Structures are given as structure tokens and as C-alpha cells.
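The values are calculated or read from the model by the stated rules, or taken from the named source; none is laboratory data. What you are looking at is a predicted structure, and each value in this text was computed from that prediction instead of being measured. No Cβ is skipped: glycine too gets one built from the backbone with ideal geometry, and neighbour counts run over all protein chains shown. Quick note on the areas: whole protein, heavy atoms, side chains included, nothing else; ligands and nucleic acids left out. Shrake-Rupley method; radii C 1.70, N 1.55, O 1.52, S 1.80 Å.
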Amino acid sequence: MFTTSKMATAATILTLTLSACSNTGASHRPIVDGGDLANYENDLLACQEVAKQRGYINADTQTDMAIGATAGALAGATESGEDLLAGAVIGAAIGAAGGSYKAKDERKFIVIKCMQNRGYNVVEPTTSH
């Protein structure tokens, strides 16, 4: 049975997850071998700023939240109206956490690709998950 305290917990987890991810991914420092190392720090800062343009609450994360909310509401619908709402909130929190994790990886990938485009040989995996 879902309760109001479970909804509050889910909302807290969602808030903490999104705030904890606020700069991750975009602050990635790729391992490079070659390139104009004299300008590395300036180029890295510029690429990190580009990566920050990929927000955590983007269309993909919103879709994940909607799917999670729907699944949670359906799971809670068998009990009561309060359980339906609690299920939706918890499902949305889980969806948002998953979407945020994907956005973190995308930000890291943006930094890597940006540095490659600036002539650096990045010697780490360069594919987004």
C-alpha cells in the first residue's frame, strides 16, 4: 500500500537525484593524447559549457517520467485513489532518475565529441550508451 509518506519520500529522492546531477557529465575531463595542449583548459571549459546546454529535464526525461507515472498509477489503481496518486508520483520519480542518468552520459559524450572536433585525440570510449 502506498502512503503519503512514501509519496514524500519519492519526491525527496527525485529532488536529490536531479540536484546531485546538476553538473555531472558536463564536468568530464576526457583523457587525450595529442592536440593543442597549450589551449587544452580553454577548449575543455568551452566544451563543458556546450555540454551544459543538454538539460536534465529534457524531452527524453519527461517521456521517462510520464511512462513511470503511468505504470505507477496503474500499479496503485488496484488499491485506492490515494494509492493511484502515490504510484504515479513514485513512478515519475523513478522515470526522472533514469532520464537524468541518461542525460549525464549524453553530457559526457558531448564533451568528448567537442574535444575531438577541436583536434584532440580522446583515448577513452567515445560512444553514448
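Summary table
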| item | result |
| --- | --- |
| Residue under evaluation residue 95, criteria (1) part of a helix (DSSP H, G or I); (2) open to solvent by 20 Å² or more (accessible area, probe 1.4 Å); (3) at pLDDT below 75, criterion not met | (2) |
| Failed criterion for residue 74 (all others in (1) of a type outside the set (Asp, Glu); (2) farther than 24 Å from residue 124 by Cβ; (3) surrounded by fewer than 17 Cβ atoms within 10 Å (Cβ to Cβ); (4) modelled with pLDDT under 65 hold) | (4) |
| Options 16, 45: the member that is open to solvent by 80 Å² or more (accessible area, probe 1.4 Å) and at pLDDT below 75 | 16 |
